[in-house]
Amino acid sequence: MFFLTTAIDYTNGSPHIGHAYEKVLADVITRYRRLRGDEAFFLTGVDQHGQKVQQTAEKEGIAPEEFVKRTTLKFSNLWKKLDVSYDGWAETIDERHKACVRLILSTLKDQGQLYKKSHNGHYSVRQEQFLGDRDRDESGNFGPEWGEVIEIEEENWYFKLSDHTDWLKAYLEGTADVIVPAFRKSELLNALEKNIGTDLCISRPKERLRWGIEFPFDENYVTYVWFDALINYISFAGYHAAPDSGLPDFEKLWSGRPVHIIGKDILIPAHGIYWLCMLHAMGFSDAQMPQLLVHGFWNSRGGDKMSKSTGNIVDPNELADKFGVEAVRYYLVRDIVIGKDSVFDMDRLVMLFNTELANEFGNLCNRALNMSQRFTAGVLTNSGALHEEDIAVQNSLTEATNAYQTAMDDHDVSKGLEALNRHVSVCNRYAERMKPWELNKTSENKERVATILYHFAESVAHIAVLISPVLPGVTAKLADQLNLPELTNFKLADLHWGLLPDGHAIDKPSPVFPRIVIEDQA
Ligand code: MSP
């Protein structure tokens with residue numbers, strides 16, 4: 001069982017392209033796991049508590065409950081629009097989640113892992129946490145990443161993080177593939193050195209923050225938003241859930257090593273330190289620790305971070321309306337290398353769709369489907385004598401499929417798509433050399449023409465299956481046009497030369513990738 005999950009915030013109120021990338025990536029990875037024949041469960045959702053939500057709701061003059069209901073819809077509607085198909089939906093205001101957080105707090109307290117103490121120190125309003133000297137920059141100041149920093153004295157509940165950091169260090173050093181890509185592990189180990197000996201403040205007094213999960217044993221406090229939000233990964237997986245909760249069977253879901261897909265900004269300290277130590281404190285074994293797949297950021301031109309304050313947020317809704325869902329999904333996983341940052345560029349979105357999909361793959365689909373209708377009345381023949389060039393096409397498909405699988409196994413979707421594109425180009429070059437449209441002018445070439453067209457059609461059928469994690473809508477359209485509905489359920493293991501049987505009749509073709517035409521704005 002393979003299980004992956006991500007969670008999001010809505011401080012900004014609306015999802016941006018970074019959120020969309022992460023969900024599309026998680027969706028592609030889940031769909032690919034199923035294509036491989038694995039069982040998969042994709043959990044995502046929203047992180048709804050915390051000071052920032054309380055403040056924004058106050059500014060708008062509405063209750064936080066109402067505010068989060070409204071913003072949550074913006075996310076779930078966008079996922080529907082972008083064909084992001086999840087199995088579990090996490091909302092941290094859900095009573096089942098709250099019950100799980102309270103149970104964990106009570107258990108940790110009974111085990112002596114929580115204590116209360118008074119602390120006088122600097123507090124970052126933006127990051128909602130106390131700061132220590134380790135958080136100062138070289139000149140001794142708290143940098144702009146912390147936003148407004150105030151000095152406060154407060155009594156709070158603490159989690160004995162320091163009891164688990166020796167274990168974490170040994171675990172990280174001794175286990176391969178805990179963090180993907182691997183270079184992030186050294187960043188995490190460096191950060192851990194600075195954290196050793198410090199505990200984590202996990203409560204906020206209600207007089208300062210009401211919008212959180214109340215402590216089960218101290219009604220004057222609510223739970224720190226990260227402690228609450230991180231628990232979504234297990235609460236919505238059914239951890240200690242009532243049998244009639246409607247949540248999944250935890251033992252089944254967490255039987256393997258789950259994968260959490262997160263951005264690079266929330267590895268340290270939230271996931272890489274707090275979350276792994278929290279799980280360890282709850283008794284999770286090393287083998288049960290999640291793998292963290294840490295993706296990079298989409299930045300604006302000039303390398304700026306996308307943020308509401310700089311006004312350079314790209315609205316995924318608008319993009320999908322303007323260019324179509326397929327173009328957006330394709331661009332988001334095609335123009336970034338997993339783990340690295342990329343620059344969002346609308347011209348490249350259009351260019352990649354028009355060249356790789358409309359021109360190249362679209363052309364091959366057209367050759368397979370239209371020419372078959374015109375030259376062989378839509379009937380495919382897989383019994384003609386094979387020429388050297390035909391064998392080369394078949395070999396190219398085998399190579400492309402293998403390269404695709406290797407890349408996708410490493411979550412390298414862009415490289416996986418490149419492998420498919422290579423085969424598409426091989427087929428188009430083969431078409432130009434073989435010229436079936438010329439051959440078709442002489443009736444004695446009938447069998448030869450049919451064999452060439454079969455190589456186009458069979459290649460399209462294979463690519464339709466292989467591209468399905470990224471463009472599920474395209475797979476469905478091609479399955480229809482090829483008159484092979486079972487294509488949408490095919491697994492990698494079902495792929496062999498001859499998916500389209502000899503004598504198979506295809507359906508009416510219609511363009512799958514209409515070119516994006518940008519109106520001249522000059
Ligand atoms: N609420 C936390 C997550 C809690 S997990 C228990 C949070 N929310 S967020 O809305 O700020 O970010 C959600 C996800 O989007 C994070 O994984 C974050 O790294 C990712 N991204 C935010 N901006 C991004 C880009 N510009 N590009 C790519 N991903 C980005 O963090």
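The values are calculated or read from the model by the stated rules, or taken from the named source; none is laboratory data. If you're wondering where the values come from, they're calculated on a predicted model, not measured in any experiment. Cβ atoms come from the backbone with ideal geometry, glycine included; neighbour counts cover every protein chain shown. Surface areas here come from the heavy atoms of the whole protein model, side chains and all, with no ligands, DNA or RNA. Shrake-Rupley method; radii C 1.70, N 1.55, O 1.52, S 1.80 Å.
Under the condition of being open to solvent by less than 10 Å² (accessible area, probe 1.4 Å), away from the ligand (no atom under 16 Å from the Cβ) and aromatic (Phe, Trp, Tyr), the residues counted in the range 197-230 number 1. When you look at ILE266, is it crowded, with 22+ Cβ neighbours inside 10 Å, within 19 Å of the chain's Cα centre (by Cα) and within 15 Å of the ligand (Cβ to nearest atom), yes or no? For ILE266, the condition - crowded, with 22+ Cβ neighbours inside 10 Å, within 19 Å of the chain's Cα centre (by Cα) and within 15 Å of the ligand (Cβ to nearest atom) - is not met.
Taking the range 466-501 as the range and being part of a helix (DSSP H, G or I), without any contact (Cβ under 8 Å) to a residue 40 or more places away in the chain and open to solvent by less than 30 Å² (accessible area, probe 1.4 Å) as the test, the residues that pass are THR475, ALA479, LEU487. Against the test of being small (Gly, Ala, Ser) and open to solvent by 20 Å² or more (accessible area, probe 1.4 Å), the options ALA242, ALA237, ALA281 yield a single qualifying residue, ALA242. Pull up the range 422-445, narrow it to residues that are open to solvent by less than 30 Å² (accessible area, probe 1.4 Å) and in contact (Cβ under 8 Å) with a residue 60 or more places away in the chain, then point me to the one that is farthest from the chain's Cα centre (by Cα). Taking the candidates together, the pick is PRO436. The lone criterion from (1) within 24 Å of ALA476 (Cα to Cα); (2) open to solvent by less than 70 Å² (accessible area, probe 1.4 Å); (3) not in a loop (DSSP other than H, G, I, E, B) left unmet by HIS411 is number (3). Beta carbons closer than 9 Å, at least 6 apart along the sequence or on distinct chains, pair a first residue in the range 350-370 that is touching a residue at least 40 places away in the same chain (Cβ under 8 Å) with a second that is assigned to a helix (DSSP H, G or I) and basic (Lys, Arg) for GLU356/ARG334.
Here the range 245-263 is the region considered, the condition is being under 17 Å from TRP89 (Cβ atoms) and open to solvent by less than 40 Å² (accessible area, probe 1.4 Å), and the residue that is farthest from the ligand (Cβ to nearest atom) is SER245. Considering every residue within the range 371-381, establish whether at least one is touching an Asp or Glu at 6+ places or on another chain (Cβ under 8 Å), buried (at least 18 other Cβ atoms within 10 Å of the Cβ) and either within 21 Å of LYS441 (Cα to Cα) or small (Gly, Ala, Ser) (or both). Checked against the condition, which is being touching an Asp or Glu at 6+ places or on another chain (Cβ under 8 Å), buried (at least 18 other Cβ atoms within 10 Å of the Cβ) and either within 21 Å of LYS441 (Cα to Cα) or small (Gly, Ala, Ser) (or both), the range 371-381 yields at least one hit.
Annotation: LEU35 fulfils all but one of (1) within 11 Å of the ligand (Cβ to nearest atom); (2) within 22 Å of the chain's Cα centre (by Cα); the unmet one is (1). Scanning the range 1-27 for residues that are more than 13 Å from the ligand (Cβ to nearest atom) and either without any contact (Cβ under 8 Å) to a residue 12 or more places away in the chain or within 21 Å of VAL314 (Cα to Cα) (or both) yields one hit, ASP27. Scanning the range 502-511 for residues that are open to solvent by less than 60 Å² (accessible area, probe 1.4 Å), modelled with pLDDT of 95 or more and assigned to a loop (DSSP other than H, G, I, E, B) yields GLY503, HIS504, ILE506.
Scan the range 324-346 for residues that are open to solvent by 10 Å² or more (accessible area, probe 1.4 Å), small (Gly, Ala, Ser) and more than 14 Å from the ligand (Cβ to nearest atom) and jot them down. GLY324 - this is the single residue of the range 324-346 that is open to solvent by 10 Å² or more (accessible area, probe 1.4 Å), small (Gly, Ala, Ser) and more than 14 Å from the ligand (Cβ to nearest atom). In the range 284-317, the residue that is most open to solvent (accessible area, probe 1.4 Å) out of those that are closer than 30 Å to VAL512 by Cα and at pLDDT 95 or above is ASN317. Counting only helices (runs of 4 or more DSSP H) that sit completely within the range 214-283, those holding 3 or more residues that are farther than 23 Å from ILE196 by Cα correspond to 232-235, 250-253.
Just wondering, is there one or more residues in the range 382-393 that are touching a Pro at 6+ places or on another chain (Cβ under 9 Å), under 27 Å from LEU453 (Cα atoms) and surrounded by fewer than 20 Cβ atoms within 10 Å (Cβ to Cβ)? Within the range 382-393, one or more residues are touching a Pro at 6+ places or on another chain (Cβ under 9 Å), under 27 Å from LEU453 (Cα atoms) and surrounded by fewer than 20 Cβ atoms within 10 Å (Cβ to Cβ).
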